[in-house]
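In what follows, a single structure is set out as C-alpha cells and then discussed.
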Amino acid sequence: MKKRKRYLNITKEVFAWVLSLVILVPFLMVLLNSVKSVTEAATMSLALPTEIKFSNYVEVLKDKRIYTSFFNSLFLSTAASLITLIVSSMAAFVISRNRSRFNMVIYSIFLLGLVAPMNYVTTMKVMQILNIINTYTGVYLLYSAIFIPFTVFLYFGFIGSIPKELDEAAVIDGCKGGGLFYKIIFPLLKPVTVTAVIINFLNCWNDFVIPLYFLNSSGKWGMIMVMYNYFSTYISSWNLVSAAMILNLLPIIIVYAIGQKYIISGMTAGAVKG
C-alpha cells in the first residue's frame, strides 16, 4: 500500500514538473534572448548566448515610454485594487452578517458577475454617456467592477467563519458601524485581503483588452500595450523585445514573490469557509 502511494506521489510530481515546463520554457527562452546579439536572437532559440549583452536592457531603458507606461500600469493596478478591496470587503461583511432574502439576492447578482461575460459595446456606450471614456478614472472603475464579484465571493466565505459573538462583544465595548468593521473585523481578514490584492493587481497589470478598447491615447497605456508596440517597432530586434518583456515581468514577479504564501491560504479559506 505504501509502495503504491509512493509511486502515485512520484507520478504526480513528474506530471507537475511537466506542466511547469509550459511556463518555464518560454520564460527561459525570453530571458536567454534578452542578452543575445541581434543575429543570435533572430532565431528565438534556447541556445546559450556566445556573449552576454546587458546593453540590450540599457537600450530599452533609454526609451521614455517604458517609464511612462510603468507608472500608468502601477497607478491603474493600485487604484483598481484599492477600490475593489474597500467596496468588496464592506459589501461582503454586510451580506454575510445580515443574510436577509434581499441581501442574498444581491449576493447572487455578485456571483452572476463571475460567469456573465462583459458586453463591450454597451459598456463603451455607458462610459461615453458618463464622459469617462479614454480616462484613467473610467478604466480603473471598470477594472474594479470586473474584480468585485470574485473579491466579494472570497470575503463572503471568510467572514462567515468569524464568530458573530466577536461583533457583539465589540458593540458592548462601544464599537459601532465603521469602527466595528475596520478596528475589529478587517484586521482578521489579512490572508484573504492579501490574496485579493495580489490577484487583482496582477490581473490588472497583465490585461491587454481593456486598455486597447477604452484608452485611445497611447500616453495613457500601460506596460502590456507598450510591449505590443515593441513588436512592430523592433520587429527585427528580438533581443530588445525580449529585454522589454523581462522588464515588464519584474514587477509581477516581485509582487508574487512577496505575497505568494498568502495566495493559497486565502483562496482555500475563502472557498471552504462560510
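The values are calculated or read from the model by the stated rules, or taken from the named source; none is laboratory data. Small disclaimer: the values here were computed from a predicted structure and weren't measured. Cβ sites come from the backbone with ideal geometry, for glycine too, and all protein chains shown count toward neighbours. When the accessible area is computed, the model is the full protein with side chains, heavy atoms only, and any ligands, DNA or RNA have been set aside. Shrake-Rupley method; radii C 1.70, N 1.55, O 1.52, S 1.80 Å.
At a glance:
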| read-out | value |
| --- | --- |
| Choice from PHE150, PHE186, PHE15 showing the highest fluctuation, given a GNM over the chain with Cα pairs closer than 10 Å | PHE15 |
| Computed Kirkwood radius, in angstrom, where 1/r is averaged over Cα pairs of the range 1-86 | 17.1 |
| Leading residue at positive end of dipole, the chain (Cβ point charges), from MET225, THR39, ILE146 | ILE146 |
| For TRP238, solvent-accessible area (1.4 Å; no DNA, RNA or ligand), Å² | 70 |
| The chain: most fluctuating residue of ASP207, ASP173, ASP63 per GNM, C-alpha cutoff 10 Å | ASP173 |
| Value of Rg/Rh across the range 128-248 [Cα atoms, Kirkwood radius] | 1.17 |
| Nearest-10 value in Å² for the accessible area of THR50, using the 1.4 Å probe | 120 |
| Percent accessible area from carbon and sulfur atoms, the chain, protein chains only, probe 1.4 Å | 71 |
| Equivalent ellipsoid, the range 1-149 (semi-axes from 5 times Cα gyration tensor eigenvalues, Å) | 42, 32, 14 |
| Mean separation of Cα contacts under 8 Å, 6 or more apart, over the residue count of the chain: relative contact order % | 31 |
| As computed over the range 207-255, the Cα convex hull volume per residue (Å³) | 79 |
| Accessible surface, per residue, of the chain when the full set of protein chains is kept, probe 1.4 Å, Å² | 58 |
| P(r) of the range 58-108 over all Cα-Cα pairs, binned every 10 Å from zero, in whole percent | 21, 27, 20, 15, 12, 6, 0 |
| Value in Å of the Kirkwood radius, where the range 82-168 supplies the Cα pairs that are averaged | 14.3 |
| The range 1-145, dipole about Cα centre (Lys/Arg Cβ +1, Asp/Glu Cβ -1), debye to the nearest 20 | 940 |
| Listed residue (ILE86, VAL22, THR11) projecting farthest to the positive dipole end of the range 1-149, Cβ model | THR11 |
| The chain: most fluctuating residue of ILE132, ILE172, ILE159 per GNM, C-alpha cutoff 10 Å | ILE172 |
| Residue-averaged 222 nm ellipticity for the chain, from DSSP H runs of 4+ at -39500 (n - 2.57), nearest 500 | -25000 deg cm²/dmol |
| 3J(HN,Hα) from dihedral phi, the range 77-91, Karplus parametrisation 6.51/-1.76/1.60, rounded to Hz, x for glycine, proline | 5, 5, 4, 5, 5, 5, 4, 4, 4, 5, 5, 5, 5, 5, 5 |
| Rounded to whole Hz, the Karplus (6.51, -1.76, 1.60) HN-Hα couplings of the range 113-119, x for glycine and proline | x, 6, 10, 6, x, 7, 8 |
| Selection from ASN56, PRO117, LEU76, by position along the positive dipole direction of the range 43-127 (Cβ) | PRO117 |
| Value of Rg/Rh across the chain [Cα atoms, Kirkwood radius] | 1.06 |
| Computed magnitude of the charge dipole of the chain (debye, nearest 20; Cβ of K, R +1, Cβ of D, E -1) | 820 |
